[in-house]
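Contents: one structure, followed by commentary.
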Amino acid sequence: MEIIGVPHVMRFLDAIDRHITERYPQGLESLMVELPPNWPELSKQGFTGGLFDELAKRYEQKGTRMV
């Protein structure tokens, strides 16, 4: 398990993604991000939660479970 504290700023999204990809090239089974528990439903309704929403979308597409 690794905990990464990041500024909640979109300009760091690619750097965070690169760090995770370099550290875990095999991918992640799960990822915990600061999103509401009903995030999947909100996302379908057009919710944009900034940095963590975009990070979750990227990793969910790769098969990572959001916790």
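Only the coordinates and a few stated rules stand behind these numbers; no lab work does. Predicted model, so just to flag it, every value in this text is computed and none were measured. Glycine also receives a Cβ, built like all others from the backbone with ideal geometry; neighbour counts cover every protein chain displayed.
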Look through the stretch 9-28, keep the residues that are assigned to a loop (DSSP other than H, G, I, E, B) and more than 12 Å from the chain's Cα centre (by Cα), and return whichever of them is surrounded by the most Cβ atoms within 10 Å (Cβ to Cβ).
24
Only unsatisfied item for residue 2, checking (1) surrounded by 14 or more Cβ atoms within 10 Å (Cβ to Cβ); (2) acidic (Asp, Glu); (3) part of a loop (DSSP other than H, G, I, E, B), is (1)
Return the residues of the stretch 55-67 that are assigned to a strand (DSSP E or B) and either of a type in the set (Lys, Arg) or over 16 Å from residue 2 (Cα atoms) (or both); say none if nothing qualifies.
65
Reported set for the stretch 29-51 where residues are loosely packed, with under 10 Cβ neighbours inside 10 Å and either among the small types (Gly, Ala, Ser) or on the phi > 0 side of the Ramachandran plot (or both) is 46
Positions within the stretch 29-54 being within 14 Å of residue 66 (Cβ to Cβ) and assigned to a loop (DSSP other than H, G, I, E, B), in sequence order
29, 32, 33, 34, 35, 36, 37, 38, 47, 49
